[in-house]
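Report on the following structure.
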Amino acid sequence: MKETRRTVNRIAQPVKTVAQRFAFMALVLFAVGLIVLGRVDVGTVERARSQILDAVTPILAAMSQPVVTVNNWIAEGRQLLNVHSENARLREERERLTKWQAAARALEAENRILKGLLNFQPGPMVNFISGRVVADTGGAFVHSMVINAGAVVGVAKGQAVATGDGLLGRVASVGERAARVLLITDLNSRIPIVIEQSRVRAIMAGNNTSKPRLIHLPTGGTVSVGDRVVTSGHGGAFPPGLPIGVVSAVNDGTIEVTPFANRDRVEFVRILDFGLDGIIGDLPSAVGRKRRK
Amino acid sequence: MRRTVWHRMDALSRQLTPFLLAVVLVLLGVVALHVPGWARVAPLLSLMAVYHWAVYRPDLMPAYAVFFIGLLQDVLSGMPLGVFTLIYLLTYGVVLSQQRYLTGRTFLVVWLGFVLISAGGMALAWIIVSGISGVVVDPRALLYQYLLGIGIYPPLARLFLAWQSRILRPV
């Protein structure tokens with residue numbers, strides 16, 4: 001009896017090892033296959049990704065809750081310490097803004113009259129959807145966020161995502177209740193922009209650092225430090241005139257932009273439903289839209 | 001009879017904890033912490049879990065579990081699908097092939113092993129992502145991420161070791 005068991009073991013052990021090796025190699029090949037598939041068939045991979053994201057987002061949302069609470073405590077503590085200087089600053093700002101308000105009122109009235117004279121065609125209305133940031137991810141490779149709003153509330157691929165300060169990114173993939181936002185600093189982000197004052201057009205390209213760059217400037221178009229950068233609205237993906245950032249450095253060939261939106265602080269975002277799919281909205285999101293309607 | 005069934009269930013649930021712990025670390029690693037700069041250099045906590053259990057208890061961290069953990073990390077961090085999956089599997093494979101050198105060694109040796117293997121893994125991920133996107137990814141953030149990772153490994157590994165001696169001793 002003992003002898004047979006030993007024989008069985010002697011045969012079974014190498015077989016088991018070989019089977020394990022084979023399973024390991026198969027998994028490695030499967031992973032390589034996934035990388036290739038992700039390049040070839042973007043739709044399928046993205047749909048699978050959105051479904052997993054949908055399943056995990058409620059857990060992430062629950063996990064991020066205590067972090068938010070602690071951060072709020074810290075913020076409150078800081079505010080208590082700075083309450084006097086903050087008050088002085090706000091008074092000053094209020095005075096300045098009152099002057100701006102008067103200027104804005106005058107301009108608004110003037111604008112209304114001029115629009116009437118020109119029979120101006122206003123752009124489509126922009127609707128807002130709000131979402132909470134539940135994951136801020138990617139490390140050195142990807143700059144993206146996960147928000148807890150998805151196709152159910154009208155989020156669609158390609159929509160602009162902004163904070164109160166400015167453009168943050170665009171919706172890269174959508175699930176039912178979650179969406180991934182590709183930040184403007186990501187390597188794959190390309191946004192048509194215009195310099196607010198000089199109306200010089202360019203493309204803002206992310207490079208996985210905190211400062212995206214301007215590329216494809218027209219010849220003769222000059223850009224200087226301090227220029228405000230806003231979306232141009234070309235390609236129909238983003239509403240025009242959305243603030244993005246300010247030109248912070250111009251060295252030979254490279255123009256750096258410092259975005260207004262601060263990735264580290266942002267807790268809630270606004271998704272701008274511009275009513276257009278733009279050039280980015282392709283098959284998966286189009287399918288999602290039809291189903292909603 | 002009844003006793004053995006409960007015993008088995010107890011053992012099974014304990015045996016599942018290394019995997020579940022790794023999944024929790026994947027989730028923890030991507031939760032928005034709102035700490036300035038953190039998200040750009042957040043280390044791969046789940047890779048540490050895969051490495052640790054591959055060294056000490058590979059029987060509780062089979063290859064398909066590693067595959068799942070890597071895939072979840074890919075999905076949640078928005079990576080091209082399969083990149084971290086591949087890195088995690090290769091890390092696991094390398095550790096198993098070097099088990100002779102790693103088992104029964106001091107903590108310092110195991111840590112050094114992580115320093116080397118994670119460097120290889122990060123470099124490979126860098127090459128793959130740069131190849132896929134056609135642009136050389138800025139390596140500075142990656143370097144910080146790596147350094148932060150090897151700094152965070154010791155306390156996390158202490159936690160795993162404590163887990164091993166408290167929860168996993170009977171199984």
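The values are calculated or read from the model by the stated rules, or taken from the named source; none is laboratory data. Values in this document were obtained by computation on a predicted structure and should not be read as measured data. Here the Cβ positions follow ideal geometry from the backbone for every residue, glycine too, while neighbour counts run over all protein chains shown.
Criterion first (in contact with a strand residue (DSSP E or B) (Cβ under 9 Å, 6 or more places away or on another chain), surrounded by 11 or more Cβ atoms within 10 Å (Cβ to Cβ), within 30 Å of residue A:174 (Cα to Cα) and within 11 Å of chain B (Cβ to nearest Cβ)) does residue A:61 satisfy it?
yes
Yes or no: residue B:54 under 30 Å from residue A:61 (Cβ atoms), of a type in the set (Gly, Ala, Ser) and part of a helix (DSSP H, G or I)?
So residue B:54 does not fit the description; no.
Kindly indicate whether any position in segment B:29-43 is surrounded by 23 or more Cβ atoms within 10 Å (Cβ to Cβ) and more than 8 Å from chain A (Cβ to nearest Cβ).
No, because not a single residue in segment B:29-43 is surrounded by 23 or more Cβ atoms within 10 Å (Cβ to Cβ) and more than 8 Å from chain A (Cβ to nearest Cβ).
Taking residue B:153 as the residue in question, decide whether it is closer than 18 Å to residue B:79 by Cβ and not acidic (Asp, Glu).
no
Inside segment B:49-70, can you point out the residues that are among the aromatic types (Phe, Trp, Tyr), in contact with a helix residue (DSSP H, G or I) (Cβ under 6 Å, 6 or more places away or on another chain) and facing chain A (nearest Cβ under 8 Å)?
Hit for segment B:49-70 is B:67, nothing else.
Within segment A:184-216, count every residue that is out of contact with any helix residue (DSSP H, G or I) (no Cβ under 6 Å at 6 or more places or on another chain) and within 11 Å of chain B (Cβ to nearest Cβ).
Qualifying residue count for the region: 10.
Rundown of residues vs (1) surrounded by fewer than 18 Cβ atoms within 10 Å (Cβ to Cβ); (2) outside any strand (DSSP E or B); (3) at negative phi; (4) assigned by TED's automatic domain parsing to the domain that holds residue A:154, yes/no style:
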| position | (1), (2), (3), (4) |
| --- | --- |
| A:197 | yes, yes, yes, yes |
| A:217 | yes, yes, yes, yes |
| A:246 | yes, no, yes, yes |
| A:249 | yes, no, yes, yes |
| A:272 | no, no, yes, yes |
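Could you please let me know if residue B:124 is touching a residue at least 12 places away in the same chain (Cβ under 8 Å), of a type in the set (A, V, I, L, M), more than 25 Å from residue B:13 (Cα to Cα) and surrounded by 13 or more Cβ atoms within 10 Å (Cβ to Cβ)?
So residue B:124 passes the test.
Before we move on, is residue B:168 more than 15 Å from the chain's Cα centre (by Cα) and either within 10 Å of chain A (Cβ to nearest Cβ) or surrounded by fewer than 13 Cβ atoms within 10 Å (Cβ to Cβ) (or both)?
No; evaluated as a whole, the condition is false for this residue.
With A:45, A:67, A:40, A:36 as the choices, which residue is within 21 Å of residue B:79 (Cβ to Cβ) and touching a Leu at 6+ places or on another chain (Cβ under 9 Å)?
Every option except A:45 fails the conditions.
Is it the case, given these coordinates, that residue B:95 is buried (at least 22 other Cβ atoms within 10 Å of the Cβ) and of a type in the set (A, V, I, L, M, F, W, C)?
yes
What tally of residues in segment A:43-93 results from selecting those that are free of Cβ contacts under 8 Å to residues at least 60 places away in the same chain and farther than 25 Å from residue B:39 by Cβ?
Residues flagged as free of Cβ contacts under 8 Å to residues at least 60 places away in the same chain and farther than 25 Å from residue B:39 by Cβ within segment A:43-93 amount to 15.
Just for segment A:141-168: of the residues that are assigned to a strand (DSSP E or B) and within 11 Å of chain B (Cβ to nearest Cβ), which one is nearest to residue B:134 (Cα to Cα)?
Checking each candidate, the answer is A:144.
Under the condition of being more than 21 Å from residue B:19 (Cα to Cα) and assigned to a helix (DSSP H, G or I), which residue from segment B:71-110 is nearest to the other protein chains (Cβ to nearest Cβ)?
Taking the candidates together, the pick is B:100.
What is the residue count in segment B:127-161 for residues that are at the interface with another protein chain (Cβ under 9 Å from one of its Cβ atoms) and either in contact (Cβ under 8 Å) with a residue 12 or more places away in the chain or not basic (Lys, Arg) (or both)?
Of the residues in that region, 14 qualify.
I want to confirm something. Restricting to segment A:64-87 and keeping residues that are surrounded by 11 or more Cβ atoms within 10 Å (Cβ to Cβ) and of a type in the set (Gly, Ala, Ser), which single residue is farthest from residue B:30 (Cα to Cα)?
By that ranking, first place goes to A:75.
Condition (residue is closer than 30 Å to residue A:176 by Cα, part of a helix (DSSP H, G or I), within 14 Å of chain B (Cβ to nearest Cβ) and not hydroxyl-bearing (Ser, Thr, Tyr)) applied to segment A:117-136: is it met by at least one residue?
Checked against the condition, which is being closer than 30 Å to residue A:176 by Cα, part of a helix (DSSP H, G or I), within 14 Å of chain B (Cβ to nearest Cβ) and not hydroxyl-bearing (Ser, Thr, Tyr), segment A:117-136 yields no hits at all.
Hey, does segment B:14-36 have a residue that's more than 10 Å from the chain's Cα centre (by Cα), under 24 Å from residue B:140 (Cβ atoms) and in a helix (DSSP H, G or I)?
Yes - at least one qualifying residue is present in segment B:14-36.
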